[in-house]
Amino acid sequence: KQWYQRRVRDRLLSIIEEHDSSRPLLLYVTMQAPHAPYYAPDQYYASICNTTADRCTMQAMINAGEEVMRAVIDKLQDREMWNDTLLIYASDNGGPGSTPHSNGFLRGKKGTLWDGGVRTSAFIYSPNTTLVSSRTSTQCLFHLPDWYPTLIQISGGWENFYNATGISAAKDIDGIDQSSHLLSNGVCPRNHIFLHIDPVNRIGAYINGHMKLLVGDQDASNDCVTGKMYPLDGNSMDDSILALYNITSDPSESIDLSTVYRDVTMEMLCELKEYSLNQAPLMCEFEEVPGSYPNEEVPLVVPWEFNWIY
């Protein structure tokens with residue numbers, strides 16, 4: 001048996017080693033570290049943090065994740081592929097809010113629509129400065145679906161994508177091409193994000209410029225019904241509860257401006273409701289498939305080549 005993180009590393013290295021370097025390569029890596037279950041082999045505990053306290057274990061898992069990235073970069077350099085590589089390091093959500101996690105001054109945690117749950121840090125790097133600008137930062141909005149058109153444009157554009165895959169340029173997608181911004185750090189291409197509409201808890205969230213609207217009781221926790229379809233419509237959110245925040249000047253979302261800027265609040269609510277009308281219904285949970293993960297023995301979604309290791 002082998003620790004999962006090492007299996008990820010070894011699999012990545014073998015893919016790079018066996019790849020025809022004259023052809024493009026996309027590696028999408030979702031590392032278990034740092035994530036529950038919290039564990040790392042002894043070698044990853046630094047001398048300044050050499051106990052199994054929660055924060056030390058988290059640091060050890062981060063050390064293990066960095067080892068994977070170092071190994072991948074070294075292998076790409078050995079194969080002379082690194083100079084044409086674009087490295088993106090990002091997260092899917094904020095921390096759970098309990099020890100050993102911290103979202104700093106951001107309100108909320110993973111699973112919530114507060115910025116502590118949906119706002120994350122990321123960095124992009126390439127030794128090739130024709131792909132992205134170097135040593136710059138941005139406060140512009142960047143949404144998850146933006147990666148799709150952005151990466152296609154950076155890697156040669158839709159025509160090249162079609163020639164390589166036979167797939168035509170996507171139309172009517174939510175993503176915005178942000179390649180020009182990443183290269184020149186110019187005008188922000190995106191000014192709004194429809195974050196989420198949850199018809200089970202009847203909450204929603206929408207960002208437009210500096211302002212963020214939260215709809216419904218953000219502490220609601222309703223049980224969903226397996227297999228039930230929840231339509232998205234004007235009644236999907238409890239619009240009797242509204243809150244508006246300027247997340248630029250008030251990133252901790254502590255000052256509700258909904259009564260001060262009532263017109264802005266109602267306009268954003270209308271836009272969020274209109275957006276919901278174009279979305280497919282939500283199925284809360286699928287029926288369990290016998291023998292699949294997660295189950296009572298393995299409470300996580302795992303790859304099929306898996307040995308449960310603590």
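The values are calculated or read from the model by the stated rules, or taken from the named source; none is laboratory data. Quantities reported herein were computed from a predicted structural model and do not represent experimental measurements. With ideal geometry, Cβ positions are generated from the backbone for all residues, glycine too; neighbour counts draw on all protein chains shown. When the accessible area is computed, the model is the full protein with side chains, heavy atoms only, and any ligands, DNA or RNA have been set aside. Shrake-Rupley method; radii C 1.70, N 1.55, O 1.52, S 1.80 Å.
Using the Cβ-Cβ distance between Asn128 and Val260 with R0 set to 41 Å, the FRET efficiency works out to roughly 0.30. Per-residue packing, averaged as other Cβ atoms within 10 Å, sorts the ranges 141-148, 238-245 into the order 238-245, 141-148, beginning with the highest. The spacing between the stretch 1-70 and the stretch 204-256, judged by their C-alpha centroids, is 35 Å. The modelled label-to-label distance for the pair Leu277/Leu144, using points 7 Å beyond Cα in the direction of Cβ, is 2.6 nm. Would you work out if the stretch 21-165 is rounded, prolate or oblate? Take a ≥ b ≥ c from the square roots of the eigenvalues of the alpha-carbon gyration tensor; rounded if a/c is under 1.5, else prolate when a/b is larger than b/c, oblate otherwise. Because a/c hits 1.5 or more and a/b fails to exceed b/c, the stretch 21-165 counts as oblate.
Take the Cβ atoms of Trp158 and Cys284, set R0 to 35 Å, and the FRET efficiency comes out at 0.45. Screening the chain for whole DSSP H helices of 15 Å or more along their axis (Cα) with average Kyte-Doolittle hydropathy at least -1.0 returns 4-18, 54-78, 262-276. A 1.4 Å probe run over the protein chains yields, for the stretch 1-90, 64 Å² of accessible area per residue, whole-number rounding. Per-atom-type breakdown for the stretch 38-133 gives carbon and sulfur 47% of the accessible area (1.4 Å probe, protein chains only). Quick one: in the chain, what % of C-alpha pairs are over 30 Å apart? It works out to 47 percent of all Cα pairs. Among the cysteines of the chain, those with no neighbouring cysteine Cβ under 4.7 Å are Cys270. Ordering Pro100, Val225, Tyr245 by the projection of their Cα atoms onto the charge dipole of the chain, which places +1 on the Cβ of Lys and Arg and -1 on the Cβ of Asp and Glu, puts Pro100 at the extreme positive end. Measuring between alpha carbons in the structure, the pairs from Lys171/Lys273; Lys75/Lys109; Lys228/Lys273; Lys75/Lys171 lying more than 32 angstrom apart are Lys75/Lys109; Lys75/Lys171.
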